[in-house]
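The values are calculated or read from the model by the stated rules, or taken from the named source; none is laboratory data. A quick note: this is a predicted structure, and the numbers were derived from the prediction, not measured. Glycine gets a Cβ as well: all are built from the backbone with ideal geometry, and neighbour counts include every protein chain shown. Just so you know, the surface numbers come from the protein's heavy atoms only, side chains and all, with ligands and any DNA or RNA stripped out. Shrake-Rupley method; radii C 1.70, N 1.55, O 1.52, S 1.80 Å.
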Amino acid sequence: MNEIECYILAAGIGTRMNSSLPKVLHKICGTEMVKMVLNATHQTAISNVTVVVPRKSQQYKETIGTSVKYKTQTDRKGTGHALLTAKPDILDSGIVVVLNGDIPLIRKETIDALIDQHKKYQNILTLVTSRLQNPKGYGRIIRNDLGKITGITEQNEIQKKSVESINEINAGIYCFDSPWIWNSLEALTPSPRGEYFLTNIVQLAHIQNKKIGSVTVDSEEIKGVNNRIELSEVEQLMRRRIRNTIMLSGVTLTDPDSTFIDQGVTIGADTTILPNTHITQNSNIGSNCHIGPNAMIRESNIGNNCKIHSAVIEQSTIHDNVSVGPFSHIRPGCLIEKEVHIGNYTEVKNCHIGERTKSGHFCYLGDSEIGSDVNIGAGVVTCNYDGISKHNTKIGSGAFIGSDTMLIAPIEIGKRSATGAGSIITKNVPDDSSAIGAPARVRKKRL
Ligand code: UD1
Ligand code: MG
């Protein structure tokens, strides 16, 4: 059997994070760290992935889903113990890739290179190393005079200055031959604190005179996250990766450093993103848009040629040629059709707004079905809440809603009807009518 099995170690508590959330479930640019590691493995020849999780694993399973197998490490006794927990019942020959779950920037190319190297030199063990200016905190790679790897010394085991100053570190990404690894794990002995270090397997392989190889990569990619400072550093590196990819695909970021784009966001060519703009996961933006400055787009789809200026758009869909803002808030559940204009200080929630409708100035539009070519005057409010329940408003196409109209929902304004400035509408207004006053009197238009 020549399958490549992969194990992601993710059961650690992450003490240094000081968090109630398990470390590997913290997000980098919108995606959980362990998911990023998993996504990298999905792009390689790896056939099966097992994630080692702690006893309370509900949150892991909700995040990661069903594309992997899970093994539970009931006592957190170190990385060697975590892998041993996942030992299969039947040991096949083949390759076992092991990845720490806290190295979110790992790229598919590195995993591929690791596997290639392992196969090419027929190693028993191949690992990823890197050279760091400041290696503190990482396991140091010990090499003999011939340059061969003989072991790894963990930071808290270092006794000699000469080891402390070694700047080649263990990245926490390994490739092993099966069944050698599974049998060898049984031979690990605990540290004084009762932890079984996976890294001690390297010395074991050396003592057995087995072939050990390594792949050395750039330091950014293998940065481990153990505390919130490292979390923010990795977040910044990832953000830069995303921004560079987006710019190379034809998007202008006028100030990349103040542009925050999550993983998975797509943006069409010739869109310009202005400073202080945040675009979160599950958002897609079309071509030729102007987004920002000061825009927040959360889980939304924006069409082509849109202008979103100093506005917040959440869980909504906006079609082509729409302009929003400045200072407007499109709340969840909106579908805004093409050529709509939502101007200043307008809050829109759970509304379907038809083509070419305009709402230029300070309004609240909630739970509404608004047709096309409607003009909404300044200060219009859909009074959708009676203190107990929310109610719907329907405005027909071509209607003219005068400034300061209060629409007391549930309410329907007919097609091409008009309401007077300051009117309070408590009864439905049929098509082709006008409604004036407080409460409004309804008059059928003379046609
Ligand atoms: C580990 C390596 C170190 C390496 C560094 C790279 C060991 C002993 N040390 O140190 O050589 O330089 O990664 O980032 O492996 N985990 C479990 N169960 C446990 C303990 C940990 O599943 O009982 C998981 C954690 O969730 C984490 C991974 O293993 O994803 C690594 O554990 P961590 O505590 O972060 O190890 P480091 O101290 O970073
Ligand atoms: Mg770590």
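Annotations
- Test for Thr79: is it under 28 Å from the mean Cα position of the chain (by Cα), more than 10 Å from ligand 1 (Cβ to nearest atom) and farther than 12 Å from Thr41 by Cα: no
- The set of residues in region 308-334 being in a strand (DSSP E or B) and either polar (S, T, N, Q) or buried (at least 20 other Cβ atoms within 10 Å of the Cβ) (or both) consists of Ile308, Val312, Ile313, Thr317, Ile318, Ser323, Val324, Ile330.
- Single residue of region 166-209 satisfying the filter (surrounded by fewer than 16 Cβ atoms within 10 Å (Cβ to Cβ) and away from ligand 1 (no atom under 14 Å from the Cβ)) that is nearest to Asp75 (Cα to Cα): Glu186
- Qualifying residue in region 255-264 (condition: over 30 Å from Met36 (Cβ atoms), out of contact with any Ser or Thr (no Cβ under 7 Å at 6 or more places or on another chain) and open to solvent by less than 60 Å² (accessible area, probe 1.4 Å)): no
- Exclusive hit being acidic (Asp, Glu), farther than 23 Å from Val348 by Cβ and crowded, with 16+ Cβ neighbours inside 10 Å, set Asp404, Asp432: Asp432
- Only residues that are surrounded by 16 or more Cβ atoms within 10 Å (Cβ to Cβ) and away from ligand 2 (no atom under 16 Å from the Cβ) were counted across region 217-230, and they come to 1.
- Filter result (within 15 Å of ligand 2 (Cβ to nearest atom) and under 16 Å from Ile173 (Cα atoms)) within region 194-216: Phe197, Leu198, Thr199
- Against the criterion of being under 15 Å from Thr216 (Cα atoms), touching a Cys at 6+ places or on another chain (Cβ under 9 Å), within 16 Å of ligand 1 (Cβ to nearest atom) and in a helix (DSSP H, G or I), Ile115 does not qualify.
- Residue match in region 348-364 (condition: open to solvent by 50 Å² or more (accessible area, probe 1.4 Å) and under 29 Å from the mean Cα position of the chain (by Cα)): yes
- Of the residues making up region 227-242, at least one is polar (S, T, N, Q) and in contact (Cβ under 8 Å) with a residue 40 or more places away in the chain.
- Output for region 60-110, where each listed residue is among the charged types (D, E, K, R), within 16 Å of ligand 2 (Cβ to nearest atom) and at pLDDT 95 or above: Lys77, Asp102
- A single entry from Ser368, Ser372, Ser359 fulfils the requirement of being at pLDDT 95 or above and assigned to a loop (DSSP other than H, G, I, E, B): Ser372.
- Cβ-Cβ under 8 Å pairs, at least 6 apart or on other chains, region 27-42 side more than 23 Å from Ile297 (Cα to Cα), far side modelled with pLDDT under 95: Leu38/Ser67; His42/Ser67
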